[in-house]
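The values are calculated or read from the model by the stated rules, or taken from the named source; none is laboratory data. All figures in this text were calculated on a predicted structure; none of them were measured in a lab. A quick note on method: Cβ atoms are made from the backbone with ideal geometry, for glycine too, and the neighbour counts reach across all protein chains shown.
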Amino acid sequence: MCGVFGVYNSKTPAEDTFYGLYSIQHRGQEAAGVVVAGYDEMKNKTVFRQHKGMGLVAEVFKNPGIFNKLPGHAAIGHNRYSTTGASKSSSNIQPFSHTYRSGNLAIAHNGNLTNSRQLRKELTEQGVIFQASSDTEIIPHLAARSREKEPVHQIYQALRQVQGAFSLVILANDQLIAARDPHGVRPLALGKTINPETGEPVFYIASETCAFDILSVEYVRDIEPGEILMIDKQAVKTGKPVSLFLPPSQRKARCIFEYVYFARPDSIVFNHPVDKIRRNLGKNLARESKVESTKEEQQIVISVPDSSNTAALGFVRESNKICRPARFEHGLIRNHYVGRTFIQPGKEDREIKVRSKYNIIRGVLHDRQIVVIDDSIVRGTTAKMLIKLIREAEPKKIHLHISSAPITNPCFYGMDFPTKGQLLTYMFSDAKDNEEEIEKIRDYIGVDSLKYLSLQGMLNSAPRFDNEIQSYCTACFTGDYPISIKDACCKKEEYDCEE
Ligand code: SF4
């Protein structure tokens, strides 16, 4: 989890990046940073200026005077949520900026490298000093060691050595470079607008297209898996950035969890609108549901706001279509001034935040048959506490429906799931079969029935891509990791690897 943003040929790159990061705040709330490339007339060259800090984007940039200190024509930015590297360390705030023999290089990364431990060890043995514990810093160090002259070729060589998930924005002197790993795990999109004064294109890169909407930027296309896109003065002249491609991966591995939970429903992710896919998840969940209802006793469907709202709408629509009368109601109210519970590191904070984040509407829930739609269960803490809260309204029955399959394995590609041992499913892994496992989870959470969407139901909800045998990563649901995790540096001890 993290959000990245980049802009080229703007008169206000720092402000643009601020608004872009603001719209993808849901991707990371621990820290934010911007690096701007601007021409320094005194020095007669392009220089990088930066501003970074811990906290939300609005907090980090609360002093408007900051923007006067960040003049330039291009910028990159990053919202951080730690997956590798100590979460509270300010040295891990991105973008990372370096000066080397070819000039300046700054980088921001969404994803997680799976061979970073080995590469870091090798680089350290060769005398490289790392400033941060984040895996991202390996990429500029590898680029700096390349014999190539052009930064884009240096980056190409560096990216050939790393494995795992990466969606990157890089400032290399006067160029903006965007890159996505050959499996295409994390999203990355290209946008464009025309400067009305000069008639020149202004290019944008973002993790999600909602960052374009806030700036009235047109979404052009996704950065393709394995693509390294270079935007420079020539691209401004021709209107067309040029691309290099990393060796392709036969199997693609777009993170299906982006559709389930992570991306905003108003974004286009992996070329498709998240809203539509999330409704499909709800629709397929309704088809698999066993809860019966009549006109006289409708199902009252409530969502866990906000991430499950869209799936709940899809669920209600399909339930009515297949003659299971259902009505959507607001039964839970969310306090928007508390961050996502899932996104706060540390268990201690999480429990108190659930109660401060949600409240119930008793009149909606009392004496009714309630279907609660939630997108996923990770540790189970939130679900258990929410159900306890809903029980206070004395509903007749609570049916918990989850618009994804059970999460059984950790993610090594940039989503901050806990270790295998901390996942709720692990607690009941001694069950003799799936049915018994679900029954034990139902009992633990305290609901009258529990239904997870099947893996096939999830896959049927997501778009198909032509000529691809496999398009999605589903490893946290299946344990089938599309990129080797043999050397993955986090949570390894929890996983059955040889070392
Ligand atoms: S393991 Fe799960 S969360 Fe991680 S990339 Fe794969 S589908 Fe996404």
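Observations, loosely collected:
For (1) out of contact with any helix residue (DSSP H, G or I) (no Cβ under 9 Å at 6 or more places or on another chain); (2) in the same structural domain as residue 185 (by TED's automatic domain parsing); (3) touching a residue at least 40 places away in the same chain (Cβ under 8 Å); (4) polar (S, T, N, Q), each residue gets a yes or a no:
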site	(1), (2), (3), (4)
263	no, no, yes, no
269	no, no, yes, no
289	no, no, yes, yes
297	yes, no, yes, no
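- Residue satisfying all of: in region 231-248; touching an Asp or Glu at 6+ places or on another chain (Cβ under 9 Å) and in a loop (DSSP other than H, G, I, E, B); farthest from the ligand (Cβ to nearest atom) among these: 239
- Residue satisfying all of: in region 249-293; closer than 16 Å to residue 460 by Cα and part of a strand (DSSP E or B); nearest to the chain's Cα centre (by Cα) among these: 255
- Put simply, of 221, 251 the only residue that is under 30 Å from residue 283 (Cα atoms) and away from the ligand (no atom under 16 Å from the Cβ) is 221.
- Test: residue in region 328-340 that is farther than 23 Å from residue 264 by Cα and modelled with pLDDT of 90 or more: no
- Qualifying residue in region 120-142 (condition: among the hydroxyl-bearing types (Ser, Thr, Tyr), within 23 Å of residue 3 (Cα to Cα), out of contact with any strand residue (DSSP E or B) (no Cβ under 6 Å at 6 or more places or on another chain) and touching a residue at least 40 places away in the same chain (Cβ under 8 Å)): yes
- Members of region 155-171 that are surrounded by fewer than 24 Cβ atoms within 10 Å (Cβ to Cβ) and in contact with a strand residue (DSSP E or B) (Cβ under 9 Å, 6 or more places away or on another chain): 156, 159, 162, 163
- For region 117-154, a residue qualifies if it is crowded, with 23+ Cβ neighbours inside 10 Å, farther than 19 Å from residue 226 by Cβ and among the hydroxyl-bearing types (Ser, Thr, Tyr), and exactly one does: 134.
- All told, residue 398 falls short of being β-branched (Val, Ile, Thr), free of Cβ contacts under 8 Å to residues at least 40 places away in the same chain and within 29 Å of residue 333 (Cα to Cα).
- Test set (1) modelled with pLDDT of 90 or more; (2) outside the structural domain of residue 391 (by TED's automatic domain parsing) - residue 449 fails condition number: (2)
- Residue match in region 137-153 (condition: within 21 Å of residue 80 (Cα to Cα), in the same structural domain as residue 225 (by TED's automatic domain parsing) and polar (S, T, N, Q)): no
- Residues that are closer than 16 Å to residue 112 by Cα and of a type outside the set (Phe, Trp, Tyr), drawn from region 146-169: 158, 159, 160, 161, 162, 163, 164, 165, 167, 168, 169
- The single residue among 464, 442 that is modelled with pLDDT under 95, outside the structural domain of residue 184 (by TED's automatic domain parsing) and more than 17 Å from residue 261 (Cα to Cα) turns out to be 464.
The rows are residues; the columns are (1) at pLDDT 95 or above; (2) assigned to a strand (DSSP E or B); (3) more than 30 Å from residue 482 (Cβ to Cβ).
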site: 66; (1), (2), (3): yes, no, yes
site: 72; (1), (2), (3): yes, no, yes
site: 78; (1), (2), (3): yes, yes, no
site: 87; (1), (2), (3): no, no, no
site: 104; (1), (2), (3): yes, yes, yes
site: 110; (1), (2), (3): yes, yes, no
site: 120; (1), (2), (3): no, no, no
site: 128; (1), (2), (3): no, no, no
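- Taken over region 482-496, the criterion of being within 12 Å of the ligand (Cβ to nearest atom), at pLDDT 90 or above and surrounded by fewer than 21 Cβ atoms within 10 Å (Cβ to Cβ) is satisfied by 482 alone.
- Residue check for residue 182: within 16 Å of the ligand (Cβ to nearest atom) and not basic (Lys, Arg): yes
- Residue in region 313-322 that is at pLDDT 95 or above and polar (S, T, N, Q) present: yes
- Of all residues in region 222-277, those satisfying the criterion of being touching a Cys at 6+ places or on another chain (Cβ under 6 Å) and farther than 17 Å from residue 6 by Cβ are 253, 255, 264, 266.
- Residue in region 209-221 that is over 26 Å from residue 409 (Cα atoms), among the acidic types (Asp, Glu) and part of a helix (DSSP H, G or I) present: yes
- In region 184-208, the qualifying residues are those that are in contact with a Pro (Cβ under 9 Å, 6 or more places away or on another chain) and among the hydroxyl-bearing types (Ser, Thr, Tyr), and the one that is farthest from residue 270 (Cα to Cα) is 193.
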